[in-house]
Amino acid sequence: MVEDFDAIVLAGDRGPDDPLARHAGVAGKALVPVAGTPMLTRVLAVLAGWPRLRRLVLVAPDLPAYREAAAGVADSRRLIWLEPCASLSASVRAALASTAGAQRLVLTADHALLDRAWLDRMAEAGEPGDGFAMSIGLTDWHGVMRRFPGSRRTRYRFSDRSVCGTNLFAIHDDSVEALLEVWQRVERERKKPWKILSLLGWGNLGRYLAGRLDLDAAFAALSVRVGVGVRPLLLADPLTAVDVDSPADLALVESVVARMDQQTC
């Protein structure tokens, strides 16, 4: 049976103190415009057009600028608005509590190139009761480098493949509570692969540093560590690795959008 999903969009950040927000003169990073449209608006528009969307949970400051960015693209009848909590894990926990019993997709509001095909791929990852509570979206690092030579993307170098994170997650049931504190640490250290791999124990970290830990073995160890099944899900599109964390990222995304616009003219 094909199930619909709730989508959780994380749009909390450092507000106007974020360097990108300050440079753009907006209230938060999620509101930084790409080709004239706030990143948050772009993400919500793609989700609103996704046939499998059930409800949309937006974790964002309840400020007029954010309300304006959501107006017209987020159906108020399906929208749950949550103020960010003190930590990422607390915000995710609150969002999960508001959607208990559903499958969810979790993503960040700076995914300005979000594509419906990525959502479909994440939604096809699994289903409740198949032994996995979460699927984590990854993409091939070499594919990203071929598409964007010289760009800086954090590389996780396993023995069988090198991957980048995508900030796309599918949650298949409500047993993910044990993952949340680990998830917060992963987000905090996501630019430092060895620190993340240390969560799997020093033996697995040693195998990773020696080039002897493969991707599936790493996720099997993570599943044992947190007590619930977690699996990797590879996405083919290198654009899945491109979110906006820096001026260089913003320039890259702007160039991709400009090329897409030219191709549709």
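Scanning the range 62-116 for residues that are β-branched (Val, Ile, Thr) and surrounded by 22 or more Cβ atoms within 10 Å (Cβ to Cβ), which turns out farthest from VAL9 (Cα to Cα)?
The initial filter retains those residues of the range 62-116 that are β-branched (Val, Ile, Thr), namely 73, 80, 92, 99, 106, 108.
If we keep only those that are surrounded by 22 or more Cβ atoms within 10 Å (Cβ to Cβ) too, we end up with 92, 106, 108.
Values: VAL92: 10, VAL106: 6, THR108: 5 Å.
Of everything passing the filter in the range 62-116, VAL92 is farthest from VAL9 (Cα to Cα).
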Test for ALA86: is it touching an Asp or Glu at 6+ places or on another chain (Cβ under 7 Å) and assigned to a loop (DSSP other than H, G, I, E, B): no
In the range 224-265, the residues that are surrounded by fewer than 18 Cβ atoms within 10 Å (Cβ to Cβ), small (Gly, Ala, Ser) and assigned to a helix (DSSP H, G or I): ALA248, ALA251, SER255, ALA258
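Give the range 18-49 a look and list any residue that's farther than 24 Å from PRO247 by Cα and surrounded by fewer than 18 Cβ atoms within 10 Å (Cβ to Cβ), or say none. Step through it out loud before you land on a result.
We begin by selecting, within the range 18-49, every residue farther than 24 Å from PRO247 by Cα; these are 47-49.
Across the range 18-49, the qualifying residues are ALA48, GLY49.
Is it the case, given these coordinates, that VAL26 is in a loop (DSSP other than H, G, I, E, B), β-branched (Val, Ile, Thr) and assigned by TED's automatic domain parsing to the domain that holds SER98? Talk me through it step by step, then tell me what you get.
On the way: in a loop (DSSP other than H, G, I, E, B): yes; β-branched (Val, Ile, Thr): yes; assigned by TED's automatic domain parsing to the domain that holds SER98: yes.
Judged against the criteria, VAL26 is a match.
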Conditions (1) surrounded by fewer than 15 Cβ atoms within 10 Å (Cβ to Cβ); (2) touching a Cys at 6+ places or on another chain (Cβ under 8 Å): number failed by GLY150: (2)
The listed residue being assigned by TED's automatic domain parsing to the domain that holds PRO149, part of a loop (DSSP other than H, G, I, E, B), aliphatic (A, V, I, L, M) and over 23 Å from LEU88 (Cβ atoms), out of LEU205, LEU213: LEU213
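Considering the range 235-255 alone, what residues qualify as being charged (D, E, K, R) and under 16 Å from VAL144 (Cα atoms)? Explain how you work it out, then say what you get.
Kept after step one, since they are charged (D, E, K, R), are these residues of the range 235-255: 237, 243, 245, 249, 254.
Within the range 235-255, ASP237, ASP243, ASP249 qualify.
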Residue that is farthest from VAL43 (Cα to Cα), among those in the range 90-148 that are in contact with a helix residue (DSSP H, G or I) (Cβ under 6 Å, 6 or more places away or on another chain) and part of a loop (DSSP other than H, G, I, E, B): ALA133
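The values are calculated or read from the model by the stated rules, or taken from the named source; none is laboratory data. Small disclaimer: the values here were computed from a predicted structure and weren't measured. Please note: Cβ atoms are built from the backbone with ideal geometry, for glycine as well, and neighbour counts cover all protein chains shown.
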